[in-house]
């Protein structure tokens, strides 16, 4: 399974969330999952780095609009023409999505995968990782417009939960 991981570009080696991202990547790779990210730093790099010792694809989908260099742990780089094309490629390429903490870019990516799922464009798992997302979903669940579409989101508090959810998806073929 190809798993997209979305998250902030800000965390650095030594930050708790970066370490969590590395552990997530290691755990996904141990299960044989390929990992696809935006290809740059922070939580786009951490899962890729965590999977570095495993024989799995570590794919970065990048855009020429950034002056940053892709991270050095990628096995493959796919170039998109714009940020929008990059996001669309990440969505199309993956079989499941894990959304870690992040900023406006992560929020945009989450909104896109959630909207596509709600509209039946895909039925891939959308897994929100961490307490920040739980707070956001709790707020949205109080709104009449959002409450109808929250059912198709999964909130995971730890990596073991994520691996278990992906395993269930793999076995059921859903």
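We did not get these values from a lab; they are worked out from the coordinates using the rules stated. Bear in mind the structure is a predicted one, so any value in this text is a computation, not a measurement. Please note: Cβ atoms are built from the backbone with ideal geometry, for glycine as well, and neighbour counts cover all protein chains shown.
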Compute a Gaussian network model of the chain, connecting alpha carbons closer than 10 Å, and tell me which residue from 97, 40, 54 fluctuates the most. 54
Quick shape check on the range 108-174: root eigenvalues a ≥ b ≥ c of the Cα gyration tensor, a/c under 1.5 is rounded, otherwise prolate if a/b tops b/c, else oblate, and it reads oblate
Quick one: among 74, 28, 107, which has the greatest mean-square fluctuation in a GNM of the chain with alpha-carbon springs under 10 angstrom? 107
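Add -39500 (n - 2.57) for each DSSP H run of 4 or more in the chain, then divide by its residues: what number comes out at 222 nm, to the nearest 500 deg cm²/dmol?
Per the formula, -12500 deg cm²/dmol.
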Computed label-point distance, nm, for sites residue 55 and residue 104 using a 7 Å Cα→Cβ extension: 4.4 nm
Please list, in order, the residues from the range 117-141 whose amide nitrogen is less than 17 Å from a point placed 7 Å along the Cα→Cβ vector of residue 88. 117, 121-122
Ascending count of other beta-carbon atoms within 10 Å, so fewest first, for 61, 77, 162: 77, 162, 61
With a ≥ b ≥ c taken as the square roots of the eigenvalues of the C-alpha gyration tensor of the range 1-64, please select rounded if a/c is under 1.5 and otherwise prolate if a/b is larger than b/c or oblate if it is not? oblate
Cα gyration tensor shape for the chain, rounded if a/c is under 1.5, else prolate or oblate: rounded
